[in-house]
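Coordinate-derived values only; no laboratory data. Small disclaimer: the values here were computed from a predicted structure and weren't measured. Cβ atoms come from the backbone with ideal geometry, glycine included; neighbour counts cover every protein chain shown.
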Amino acid sequence: APDGELRAAMDEVDRVLGIPEVAARAHRIIGVAGTFTSLAAIQRRLDRYDPDLVHGTVMSRADIEAMVGRLAALDIAATAAIPSLEPGRAPVILAGAVVAERVMSVVGADEVVVSESDLLDAVADELLAG
């Protein structure tokens with residue numbers, strides 16, 4: 001992605017996140033769903049996606065920033081060729097990485113712990129335990 005487009009995307013995410021409701025501060029966040037799990041798999045340089053290896057991966061904000069730079073330098077074909085990335089995510093993973101980095105910046109998070117589980121899993125566990 002050209003630098004101007006990348007900066008414009010970051011500015012737009014900052015604009016959206018600048019709303020008063022986003023006033024939370026956190027040192028560490030939990031990252032769930034495709035963007036965070038994909039970024040963790042890429043960072044770990046997995047030959048194929050493995051949820052057991054992805055779950056619990058800790059990534060710093062600097063790791064996410066570096067990932068934005070790495071992905072921005074690739075075209076969609078090269079991104080789709082990353083072994084651990086689902087090829088269908090190639091057109092959107094850079095945008096997801098930008099949003100992840102800007103969210104971490106806005107809330108002041110230094111790191112993210114990647115989880116294969118999400119809120120729906122927690123609700124199901126709670127219902128089954130009740």
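Quick look at the numbers
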| read-out | value |
| --- | --- |
| Length-normalised contact order of the chain in % [C-alpha pairs under 8 Å, at least 6 apart] | 42 |
| Table column - 3J(HN,Hα) (Hz), segment 60-71, Karplus curve with 6.51, -1.76, 1.60, x for Gly and Pro | 7, 4, 5, 4, 5, 4, 5, 5, 4, x, 5, 5 |
| Quotient of Cα Rg and 2.2 N^0.38 Å for segment 1-74, N being how many residues it contains | 1.26 |
| Estimated FRET transfer efficiency (ARG48, ALA95; beta-carbon r; R0 25 Å; 0.05) | 0.60 |
| Debye intensity ratio I(q)/I(0), log10, the chain, q values 0.17, 0.18 Å⁻¹ (C-alpha model) | -0.92, -1.01 |
| The chain - mean residue ellipticity at 222 nm from DSSP helices (-39,500 (n - 2.57) per run, n ≥ 4, rounded to 500) | -16500 deg cm²/dmol |
| Karplus (6.51, -1.76, 1.60) ³J(HN,Hα), θ = phi - 60°, over segment 92-101, in Hz, Gly and Pro reported as x | 10, 5, 5, 4, x, 5, 4, 4, 4, 5 |
| For ILE30, distant residues with modelled amide H under 5 Å away | VAL113 |
| Selected from GLY96, GLY34, GLY18 as most flexible by GNM, with the chain as the system and alpha-carbon contacts under 10 Å | GLY18 |
| Share, in percent, of DSSP beta bridges within the chain that are antiparallel, nearest 5 | 40 |
| Backbone HN-Hα couplings from phi across segment 84-89 [Karplus 6.51/-1.76/1.60, Hz, Gly and Pro as x] | 8, 9, 4, x, x, 7 |
